[in-house]
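Read through the structure below, which is laid out as structure tokens, and then see the notes.
The values are calculated or read from the model by the stated rules, or taken from the named source; none is laboratory data. If you're wondering where the values come from, they're calculated on a predicted model, not measured in any experiment. Note that we place each Cβ from the backbone using ideal geometry, even for glycine, and neighbour counts take in every protein chain shown. The area values use the complete protein model at the heavy-atom level, side chains included, leaving out ligands, DNA and RNA. Shrake-Rupley method; radii C 1.70, N 1.55, O 1.52, S 1.80 Å.
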Amino acid sequence: MSETPRINQPLWYGLRWVLAPPTALALGLRREGTEHIPAEGPTLVVSNHISHFDPPLLGLALRSRQTYYFAKAELFRVAPVGRFFRATGAFPVRRGEADRGAFRAARDVLARGECLLWFPEGTRHRDGLLRDAFPGAGSLALGEGVQVIPAAIWGSQRGVFRARVAFGPRIAMTDLEGESRSERAAAAAERMMDHIEPLLVGLGGAPRDRT
């Protein structure tokens with residue numbers, strides 16, 4: 001069962017002000033659309049996923065917000081490594097199964113008014129091709145007051161250098177139709193991918209194959 005994570009404030013601010021700017025410069029990280037990131041309030045940033053490097057690179061791009069994110073449970077088995085990840089906003093998720101504890105932790109993060117990074121495809125795809133979303137991300141988007149911001153990352157599948165990140169305008173979710181919450185969640189997940197796709201194409205990625 002995953003506990004709701006808490007960022008270590010001194011560590012986070014130290015990383016943000018001391019390490020983040022030179023790191024982003026050294027990596028050649030390019031950001032666009034950062035004006036779309038809300039300064040406060042529950043925020044769900046949804047992105048494609050093509051590399052292990054995506055969470056830290058998106059975290060650099062989102063440096064105006066403290067951001068929580070998932071990491072595979074195996075990374076937390078070594079105590080010092082696990083403590084560092086937790087202190088920087090990560091919480092473990094068990095791959096290949098429905099990890100209800102991790103999902104509850106994600107909902108708690110949003111309920112606190114924090115920012116959460118989520119990959120709707122569920123796992124990374126190193127070929128760079130965009131897949132359909134799992135409905136779990138759509139369910140998170142239905143939370144009260146949650147602001148959903150689409151993002152895309154490109155270049156990280158080739159390494160950490162010269163990756164590009166783009167953010168888009170907030171995705172409207174209040175008009176979703178469906179008789180049940182699960183239907184609305186599925187519609188929300190599909191809408192997320194519809195907004196991620198043009199951002200990805202704009203960075204040099206391919207559109208979804210709908211055949």
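Residue 38 fulfils the conditions (1) buried (at least 17 other Cβ atoms within 10 Å of the Cβ); (2) under 19 Å from residue 106 (Cα atoms) except for a single criterion, (1).
Scanning segment 147-174 for residues that are at pLDDT below 95 and in a loop (DSSP other than H, G, I, E, B) turns up 155, 159, 160, 161, 162, 163, 172, 173, 174.
Here is a check on your reading of the model: is residue 139 closer than 20 Å to residue 30 by Cα, surrounded by 13 or more Cβ atoms within 10 Å (Cβ to Cβ) and of a type in the set (Ser, Thr, Tyr)? No.
Residues in segment 41-71 that are part of a strand (DSSP E or B), open to solvent by less than 30 Å² (accessible area, probe 1.4 Å) and either among the small types (Gly, Ala, Ser) or closer than 16 Å to residue 93 by Cβ (or both): 44, 46, 47, 67, 68, 71. Look at (1) in contact with a helix residue (DSSP H, G or I) (Cβ under 6 Å, 6 or more places away or on another chain); (2) more than 21 Å from residue 149 (Cα to Cα) and you find that residue 86 fails only one, number (1).
For residue 86, the criteria (1) surrounded by 17 or more Cβ atoms within 10 Å (Cβ to Cβ); (2) modelled with pLDDT under 90; (3) not in a helix (DSSP H, G or I) hold in every case but one, which is (3). Those residues that are open to solvent by 70 Å² or more (accessible area, probe 1.4 Å) and modelled with pLDDT under 90, I need them from segment 95-120; list them, please. Once the filter is applied, which keeps residues that are open to solvent by 70 Å² or more (accessible area, probe 1.4 Å) and modelled with pLDDT under 90, segment 95-120 yields 95, 96, 97, 98, 100, 104. Take residue 15 and decide whether it is open to solvent by less than 30 Å² (accessible area, probe 1.4 Å), assigned to a helix (DSSP H, G or I) and either in contact (Cβ under 8 Å) with a residue 60 or more places away in the chain or not acidic (Asp, Glu) (or both). No, not satisfied.
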